[in-house]
Amino acid sequence: MPESFDIVVMGSGLGGLVCATIFAKEGFNVLVLEKNNQYGGNLQTFVRDRCIFDTGVHYIGGLETGQNLYQYFHYLGIADRLRLKRMDVNGFDLVTFDNDSNEYPYAQGGENFVAQLSQYFPEEHEGIKRFHGKMKEICQSFPLYRLNAEDTYQWNEDILGLKVSDVINSCTSNPKLRAVLAGTNLLYAGMEDKTPFYVHALSINSYIESAWRCINGGGQIAKLLIREIRKHGGKVLKYKEVVKFQVEDGLLRAISTLDGSTYHATSFISNIDPKKTLDLIGNYPIRKSYVNHIRQAENTMSSFSLYIVFEPQRMPYLNKNYYHFKDEASVWGNIDYRTADWPAGYMVSMNAKSDNDQWADGMTVFTYMRYDEVKAWENSRNTVADTEYRGEGYERFKQEKTEIMLQELEKKFPGLREHIHATYVSTPLTYRDYIGSETGGMYGFVKDANHPLKNYLPPRTKIKNLLLTGQSVNMHGILGVTISAVLTCAELLGKEYLMGKINKANQIESLTTNDPLWQRLT
Ligand SMILES: Cc1cc2nc3c(=O)[nH]c(=O)nc-3n(C[C@H](O)[C@H](O)[C@H](O)COP(=O)(O)OP(=O)(O)OC[C@H]3O[C@@H](n4cnc5c(N)ncnc54)[C@H](O)[C@@H]3O)c2cc1C
């Protein structure tokens, strides 16, 4: 007899896990199905030479008590259990350039952000202040970022159509400051002629409010959410790749997994790439305009990451990230790189550890990489069941790119090579296979200020009991995906009801009396 659930969530990325936690807390009979052997999607970590690496969570914002992500995580029952390290208050991100010894800081706290940056651009103080003010203002117009249940922003084209490059240019004419203000755009795969200002503001402002690293990696977010789901009676299963939908009379009746199991539910939530979700719907007739809307959506750029393991006690731990560029033009030009100039910029981050603050075990460097650079190997797969060797050519490609990246890194961190024990690499194919995104895109669908609604994807689909969640629905990032998941759940629970619960969340209520935290709090 096939098992039947109230809600089946397909995919255990952050969006899927947040949805499952909410419904489990609300008393629904919930099941999560994950194709991989590790839960969490981009929250996954991996270990090489005893060094823990994050794949998609270098840092998180908004986690100070009372801030927005803290309150969402508080409701979910995980905020006070996360092991976090606050990043450097006066410069959690540094934007740097070849041939310029200055390290331009992004500081925590609005006034501090303006003050620290103004030290490098004293004559631009008013412009920096104005830019920060505009970021705050636009965040305020997104109700769920201030934990409010109003529903007004989705269709406001004045907000959605404003470009970040235009806002920066309106605040300063100083070319270096323009580059610095845009310098963290790897966080949202920024495009000068497309990226809306709200994408920048929602991503960056939460870090300015407070910036944190996960001690020993972001995988703890997935583990804690799964613990909550199970505590509330939900089930979470791995090695369960969803391969087929059974749709009848406009309803998803059942889904099948690769191992031959079938699951029935009243409602289904897909955390799988929306294009892959369409593939699963198969030939069932749904409105062509809807299908085209998803099929034609532009995927965000993919990435190349270099994971460096250091020899013990050789490389000091840096409690900040670097966004480094060859020059000012590379800040926006990086994404349209010419292969001969790659990489025009990169981001460097280190893992926080519990036992040692002085030395770094390793460092992650990531930059853009187009899918077509690895297309030659696209028919090889690196799947759970079959870790197929992609071949000599691919290994050579990775080595060549590693060498180029190390040469670039040496410019900013002279002598770095001498500290290296080993290097590992991920490419767009890695993300394609582990996350299941079409071309290994980093952040879901591109948001385009020129066509604000073109890539807007609501959580409701044309199949009545199938909802979408994840980074292509609304926003990417830990905060963005959490809020997207709340919007998905609100479709069934009601936004006012759910936001009421989130705002009134009380950690003690969600604990059992024999939980150590309960004992600490009472
Ligand atoms: C390189 C990189 C760096 C990043 N850095 C940061 C950062 O520092 N801070 C930040 O806030 N955000 C960062 N992000 C973004 C953030 O990690 C993502 O926005 C977020 O984790 C995506 O969550 P999601 O819910 O969309 O799920 P995803 O992570 O996309 O997960 C989808 C899940 O579905 C599963 N799945 C797919 N197909 C199937 C199937 N057929 N059956 C069953 N399961 C399936 C996958 O295995 C996966 O577990 C980064 C992302 C990348 C790529």
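The values are calculated or read from the model by the stated rules, or taken from the named source; none is laboratory data. Only a predicted model underlies this, so the values are computations on that prediction, with no experimental measurement involved. A quick note on method: Cβ atoms are made from the backbone with ideal geometry, for glycine too, and the neighbour counts reach across all protein chains shown.
Do we have residue 231 as buried (at least 16 other Cβ atoms within 10 Å of the Cβ), closer than 15 Å to residue 33 by Cβ and of a type in the set (Lys, Arg) here? In short, no. Residues that are within 16 Å of the ligand (Cβ to nearest atom) and among the hydroxyl-bearing types (Ser, Thr, Tyr) within the stretch 482-503 comprise 482, 484, 488, listed in sequence order.
Name the strands (runs of 3 or more DSSP E) wholly within the stretch 1-87 that hold at least 1 residues that are closer than 30 Å to residue 422 by Cβ, of a type outside the set (S, T, N, Q) and within 11 Å of the ligand (Cβ to nearest atom)?
51-54
Of all residues in the stretch 460-481, those that are free of Cβ contacts under 8 Å to residues at least 40 places away in the same chain and either within 29 Å of residue 204 (Cβ to Cβ) or within 13 Å of the ligand (Cβ to nearest atom) (or both) total 1. Each residue in the stretch 291-309 was checked for being crowded, with 23+ Cβ neighbours inside 10 Å and under 15 Å from residue 473 (Cα atoms), and 1 pass.
Taken residue by residue, the stretch 357-367 has at least one member that is touching a residue at least 40 places away in the same chain (Cβ under 8 Å) and within 17 Å of residue 190 (Cα to Cα). Of all residues in the stretch 251-300, those being part of a helix (DSSP H, G or I) and more than 15 Å from residue 11 (Cβ to Cβ) number 9. Residues of the stretch 203-231 that are within 11 Å of the ligand (Cβ to nearest atom), among the hydrophobic types (A, V, I, L, M, F, W, C) and not in a helix (DSSP H, G or I): 211, 212, 214. Within the stretch 175-204, the set of residues being touching a Lys or Arg at 6+ places or on another chain (Cβ under 9 Å) and surrounded by fewer than 21 Cβ atoms within 10 Å (Cβ to Cβ) comprises 192, 193, 194.
Pairs linking a residue in the stretch 232-248 that is in the same structural domain as residue 76 (by TED's automatic domain parsing) and away from the ligand (no atom under 14 Å from the Cβ) to a residue that is in a strand (DSSP E or B) and β-branched (Val, Ile, Thr), with Cβ atoms under 6 Å and 6 or more positions apart or on different chains, are 234/30.
Residue by residue, here is whether (1) more than 20 Å from the chain's Cα centre (by Cα); (2) in the same structural domain as residue 483 (by TED's automatic domain parsing) holds:
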residue	(1), (2)
136	yes, no
168	yes, no
207	no, no
223	no, yes
